[in-house]
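The values are calculated or read from the model by the stated rules, or taken from the named source; none is laboratory data. Worth saying up front: this structure is predicted, and the values here are computed from it rather than measured. Using ideal geometry, Cβ is built from the backbone for each residue, glycine included, and neighbour counts are taken over all protein chains shown. Surface areas here come from the heavy atoms of the whole protein model, side chains and all, with no ligands, DNA or RNA. Shrake-Rupley method; radii C 1.70, N 1.55, O 1.52, S 1.80 Å.
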Amino acid sequence: MAARSRSHSLLILVMMASVLVEETVEISFSSKLIHRFSEEVKLLRVSKNEKVSEVWPEKKSLQYYQKLMNSDVQRQKMKLGPQYHFLFPSEGSKTMSLGNDFGWLHYTWIDMGTPHVSFLVALDAGSDLLWVPCDCMQCAPLSASYYNSLDRDLNEYSPSRSSTSKHLSCSHRLCELGPNCKSPKQQCPYAIDYYTENTSSSGLLVEDILHFASDGDDALNTSVQAPVVIGCGMKQSGGYLDGVAPDGLMGLGVAEISVPSILAKAGLIRNSFSMCFDEDDSGRIFFGDQGPSTQQSTPFLTLNGNYTTYIVGVDAFCVGSSCLKQTSFRALVDTGTSFTFLPVDIYERITKEFDRQVNATISSFEGYPWKYCYKSSSNMPKVPSLQLTFPLNNSFVIHNPVFMIYDMQGISGFCLAVQPTDEDIGTLGQNFMMGYRVVFDRENLKLGWSRSSCEFRDDGKRMPLTPLNPLPTNEQQSAPGGHAVSPAVAGRAPSKPSAASTQLISSRFCLLKLLMMMLLLHTLIHVL
């Protein structure tokens with residue numbers, strides 16, 4: 001009986017061995033592939049009470065292939081990332097403050113249209129639309145003789161003179177005033193009222209080419225043409241007739257219509273930009289820049305539940321080494337505001353402490369809007385710095401918060417360049433940003449900052465000031481040769497099987513191994 005049991009066990013072991021030496025048999029699974037525009041999917045969506053009649057294209061129709069192509073392009077943008085490390089205007093990254101004539105704002109030259117026309121636009125993070133004087137009915141003077149700091153005349157834009165311009169209809173998704181139009185095919189109007197009293201711009205929306213240069217690791221001073229939405233500003237009012245932004249304004253806000261938003265959505269750059277403000281009233285602007293890894297930062301806050309503008313939360317305000325209690329507030333970070341405004345209660349605490357620390361007597365200077373002004377000479381008293389503190393112990397130090405006043409003999413006084421506002425939200429203007437590279441990182445919803453002379457990037461390379469290959473003249477512009485943005489190219493699938501596919505273990509083989517172990521254990525028990 002024992003011999004029969006042993007022979008029976010041996011037979012089982014031989015059978016198991018024969019199974020193990022056989023080639024592994026893989027289990028194949030199959031499933032039906034269903035196209036996104038198939039009748040099965042359509043019926044499924046109908047069963048869920050979804051409307052499909054307006055968006056469901058007829059198979060092999062033009063709309064059918066357009067939807068497939070648009071989807072493919074968007075997928076490739078997500079896969080490939082931004083095409084350029086950063087972009088800057090084709091005339092150079094330099095920005096400049098042109099003094100009182102131009103409202104103390106920072107400006108840069110941009111080239112627009114085909115053939116290109118140059119415009120000196122103000123840079124405004126507090127608004128969204130790029131507009132320029134266009135087919136003017138009521139615009140500011142454009143002659144250089146009207147201004148003290150210009151060496152060339154300003155320009156007026158006309159869509160009819162640009163071969164790349166297109167009208168935006170009232171049915172376009174970026175047309176805010178579309179519901180007020182008599183017809184969806186009518187050209188889209190725009191009208192914007194700004195914070196400054198009675199200051200506005202109105203006209204029609206068009207699409208045209210904005211010219212940029214790129215300076216990245218893989219693209220050195222490449223010419224890039226990007227279609228953007230432009231306000232054809234036919235009628236301006238208020239400050240826009242008195243020297244502020246006479247040649248247009250570039251809104252850098254968060255709305256879809258802004259230049260940074262359009263560039264990021266097109267996959268050209270990361271959804272971020274930076275402005276650097278040097279102490280000598282010059283600076284730089286770079287689209288796509290997310291700043292150095294060593295920068296400090298604080299998150300943007302929502303307004304009524306939405307990220308509609310660049311608002312930050314200040315935990316405390318310090319004057320010199322004295323950090324004051326009950327000085328937390330929210331503030332709009334706005335490059336389009338020359339100076340800084342604080343909520344009244346914060347303003348009172350800060351100015352009182354500032355006056356206590358300044359060894360000078362308050363005075364008044366005719367024509368200047370600030371209350372805390374002081375007479376001085378070449379022997380300036382020590383002026384305390386101001387400091388904004390943010391969550392996680394991040395701090396923003398304003399080393400020179402005063403505005404210097406000069407007369408024929410030199411320095412005659414200075415003012416703390418801060419004013420009160422009745423609003424709950426303050427405004428951090430350009431004067432607080434001097435000496436900093438300020439990053440508006442919309443991708444990560446945060447404001448970044450680092451001390452900078454505006455000459456070097458975080459990798460040690462010098463920041464490009466002007467492109468190596470500037471745009472040709474207007475006459476040359478119509479000739480081919482510029483590098484237009486090419487459509488994304490789909491990545492190739494790997495030609496070799498993946499590591500996972502070469503190491504497949506069939507579920508049948510796993511079950512047999514388990515059965516073998518059980519039988520071996522059973523055999524050993526009986527043998528022993």
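Worth a mention:
- The set of residues in the stretch 300-328 being open to solvent by less than 70 Å² (accessible area, probe 1.4 Å) and either within 24 Å of Phe273 (Cβ to Cβ) or free of Cβ contacts under 8 Å to residues at least 24 places away in the same chain (or both) consists of Phe300, Leu301, Thr302, Leu303, Gly305, Thr309, Tyr310, Ile311, Val312, Gly313, Val314, Thr327.
- Test result for Leu445, under 17 Å from Phe300 (Cβ atoms), touching a residue at least 40 places away in the same chain (Cβ under 8 Å) and crowded, with 23+ Cβ neighbours inside 10 Å: no
- In the stretch 111-129, the qualifying residues are those that are assigned to a strand (DSSP E or B) and aliphatic (A, V, I, L, M), and the one that is surrounded by the fewest Cβ atoms within 10 Å (Cβ to Cβ) is Val117.
- Close pairs (8 angstrom Cβ cut-off, 6 or more residues apart or separate chains): free of Cβ contacts under 8 Å to residues at least 60 places away in the same chain in the stretch 139-152, of a type in the set (A, V, I, L, M) and part of a loop (DSSP other than H, G, I, E, B) anywhere: Ser143/Leu154; Ala144/Leu150; Ala144/Leu154; Ser149/Leu98; Leu150/Leu98
- In the set (1) within 22 Å of Leu142 (Cα to Cα); (2) touching a Ser or Thr at 6+ places or on another chain (Cβ under 9 Å), Gly203 fails one condition alone, (2).
- Of everything listed in (1) open to solvent by less than 10 Å² (accessible area, probe 1.4 Å); (2) part of a strand (DSSP E or B), the single unmet condition for Cys136 is (1).
- In this structure, Ile398 does not qualify as out of contact with any Leu (no Cβ under 9 Å at 6 or more places or on another chain) and among the β-branched types (Val, Ile, Thr).
- Lone qualifier among Ser258, Ser282, Ser223, Ser237 - being among the polar types (S, T, N, Q), touching a Phe, Trp or Tyr at 6+ places or on another chain (Cβ under 9 Å) and either in the same structural domain as Asn155 (by the TED database) or modelled with pLDDT of 95 or more (or both): Ser223
- Residues of the stretch 417-438 that turn out to be touching a helix residue (DSSP H, G or I) at 6+ places or on another chain (Cβ under 8 Å) and open to solvent by 10 Å² or more (accessible area, probe 1.4 Å), as a count: 4
- Close contacts from the stretch 356-371, counting a first residue that is in the same structural domain as Pro384 (by the TED database) and among the small types (Gly, Ala, Ser) and a second that is assigned to a loop (DSSP other than H, G, I, E, B) and open to solvent by less than 80 Å² (accessible area, probe 1.4 Å), with Cβ to Cβ under 8 Å and a gap of 6+ residues or different chains, come to Ala360/Ser376; Ala360/Pro381.
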